[in-house]
Amino acid sequence: MIDPELLLQGYRLGVFPMAMEDDSIQWFSPDPRAILPLEDFHVPHALRRLVLKDVFGTTIDKAFSKVIEACAKREDTWINLEIIESYTRLHEIGCAHSVEAWKEGRLAGGLYGVAVGGAFFGESMFHRVTDASKIASFTRQHCITTFLLALPRHQHNPLSRTQPVFERRR
């Protein structure tokens, strides 16, 4: 397991760990880094309609272990057992958080990330039901805006490409 203070210090310095195919851990610092400004967060019309339909229930920090394990269950993943244990420990001390999207009592999608230094670093997301990860992202954004945190991302992903993201060099 990566020591929680080392992990948090990495985030403060702009680096984060990823598991390699051989289960070794390496640290990365993408350049440029994608950042989603809070004031520019745009809720697409289709997502707004989906939110209003109330198809999904959402929770925060109710199923962190289930979310990170679901994020790890993909063919190409950077999440191994050591990463799961390390981020679960960060969750236990209040520095890693999850947002869960539920449909008919089942976990439909979610995301997790790390909060440190007034920022939330989105780590990974998954969905089992179409649009569930979008609902989790919307909920995360609403919560972050409520608490006035910034929203750095390590790199662009398909969902972030729909938002007015800018990139900042190290």
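Read-outs: derived from the displayed coordinates by stated rules, not from any lab. All of these numbers come straight from a predicted model, not from anything done at the bench. Here the Cβ is made from the backbone with ideal geometry for all residues, glycine too, and neighbour counts use every protein chain on show.
Aspartates and glutamates near residue 66 by alpha-carbon distance under 19 Å, same-chain residues fewer than 8 away left out - which ones?
75, 76, 82, 85, 92, 100, 104, 123, 131
Starting with the fewest neighbours, write out 65, 98 ranked by other beta-carbon atoms found within 10 Å of each beta-carbon. Write down the numbers at each step before the final one.
Working: 65 13, 98 25.
By the 10 Å Cβ count, ascending, the order reads 65, 98.
Between the range 1-35 and the range 75-103, what's the alpha-carbon centroid distance in Å?
Using only Cα atoms, the two centres lie 14 Å from each other.
If each residue's Cβ is checked for other Cβ atoms within 10 Å, how do 71, 95 rank with the fewest at the top?
95, 71
Would you please give the FRET efficiency between residue 6 and residue 49, computed as 1/(1 + (r/R0)^6) with r the Cβ-Cβ distance and R0 = 30 Å, to the nearest 0.05?
Working: r = 44 Å, r/R0 = 1.45.
After rounding to 0.05, the efficiency reads 0.10.
Kindly put 3, 22 in sequence by how many other C-beta atoms sit within 10 Å of each C-beta, fewest to most. Provide the component values of the computation, followed by the final result.
On the way: 3 10, 22 6.
Exposure proxy ranking, most exposed first: 22, 3.
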